[in-house]
Amino acid sequence: MMENTVFVRNYAGAEELYPVNEREVWRYSGFRGTQDQVDGELRKVFVQVQEELKDAFSYKVCFRRMPVAWEEGIAKLPFGSDSRDLRRCLEGSSEIVIFAATVGLAVDRYIAKYQKFQPTKALLMQAYGAERVERLCELFCGEIRREAAEEGLKCTPRYSPGFGDLPLTVQRDVFRLLECDRKIGISLNESLLMTPSKSVTAVFGLGKDVKRGQL
């Protein structure tokens with residue numbers, strides 16, 4: 001394990017590795033019916049969205065794998081937070097993986113292009129981008145889970161800044177640790193919003209005795 005090294009993984013052709021989950025696209029778009037209830041016109045727009053964005057996504061992840069020490073049941077983490085929710089998530093871990101994932105800036109440009117004149121298409125592009133970055137996270141976490149299993153380790157679920165009692169301000173430490181801008185082109189503004197918008201940061205634990213196995 002090289003704890004001071006930031007690793008980068010590129011996932012060209014991730015659509016083939018992880019096909020689109022339409023159910024999630026409709027959920028992210030706010031559609032309240034079942035997938036079978038999506039009307040023909042809306043589905044037609046989504047087909048157009050897929051065609052326009054087929055070459056727009058650039059799937060990248062940067063990450064560090066680091067040891068974690070425990071003192072009186074409290075994890076000593078490389079960022080400033082005493083989050084109880086994160087501590088429960090990581091219970092039993094001997095290491096953590098901190099990562100950032102993005103599908104690139106091009107999708108943001110497409111969304112901006114259509115937002116004013118074709119809001120339905122822009123909305124579906126937003127939803128499609130959200131589904132794609134979540135699938136990228138699943139792809140990456142699945143790889144680490146298989147690699148960890150070869151070492152006799154299990155993974156906890158991933159946990160992101162802004163969830164539960166883990167403050168969004170932790171983003172600053174994550175970006176410092178991962179050098180996200182230099183490594184995979186994600187920047188963080190003063191409001192703690194990421195660009196590209198379809199980006200995710202998270203942490204999860206590795207260990208032989210983790211209490212909450214990854215789903």
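For the reader, a short list of remarks on this structure follows.
- At least 1 residues being of a type in the set (D, E, K, R) and closer than 23 Å to Gln171 by Cβ is the threshold, and among the strands (runs of 3 or more DSSP E) wholly inside the stretch 53-140 those reaching it are 60-67, 74-76, 95-102.
- Any hit, the stretch 198-205, residues being among the hydroxyl-bearing types (Ser, Thr, Tyr), over 16 Å from Arg9 (Cα atoms), at pLDDT 95 or above and within 15 Å of the chain's Cα centre (by Cα): no
- When residues of the stretch 136-184 are limited to those that are among the small types (Gly, Ala, Ser) and more than 18 Å from Phe7 (Cβ to Cβ), the one farthest from the chain's Cα centre (by Cα): Gly152
- Any hit, the stretch 147-168, residues being closer than 30 Å to Arg43 by Cβ, in contact with an Asp or Glu (Cβ under 9 Å, 6 or more places away or on another chain) and of a type in the set (Asp, Glu): no
- Yes/no for Tyr114 being of a type in the set (Phe, Trp, Tyr), free of Cβ contacts under 8 Å to residues at least 12 places away in the same chain, closer than 23 Å to Thr195 by Cβ and surrounded by 14 or more Cβ atoms within 10 Å (Cβ to Cβ): yes
- Ser191, sole failed condition from (1) over 16 Å from the mean Cα position of the chain (by Cα); (2) closer than 15 Å to Glu91 by Cβ: (2)
- Inspection of the stretch 200-210 identifies at least one residue that is among the basic types (Lys, Arg) and out of contact with any Cys (no Cβ under 7 Å at 6 or more places or on another chain).
- For Pro157, the conditions (1) surrounded by 16 or more Cβ atoms within 10 Å (Cβ to Cβ); (2) in a loop (DSSP other than H, G, I, E, B) are fulfilled apart from (1).
- Taking the stretch 164-202 as the range and being part of a loop (DSSP other than H, G, I, E, B), under 25 Å from Arg87 (Cβ atoms) and touching a helix residue (DSSP H, G or I) at 6+ places or on another chain (Cβ under 7 Å) as the test, the residues that pass are Gly164, Asp165, Leu166, Leu192.
- Criterion (surrounded by 14 or more Cβ atoms within 10 Å (Cβ to Cβ), in contact (Cβ under 8 Å) with a residue 60 or more places away in the chain and within 18 Å of Val203 (Cα to Cα)) met by exactly one of Asp165, Asp173: Asp173
- Residue match in the stretch 86-106 (condition: aliphatic (A, V, I, L, M) and without any contact (Cβ under 8 Å) to a residue 24 or more places away in the chain): no
The values are calculated or read from the model by the stated rules, or taken from the named source; none is laboratory data. What you are looking at is a predicted structure, and each value in this text was computed from that prediction instead of being measured. Neighbour counts are summed over all protein chains in view; Cβ atoms, including those assigned to glycine, are modelled from backbone coordinates with ideal geometry.
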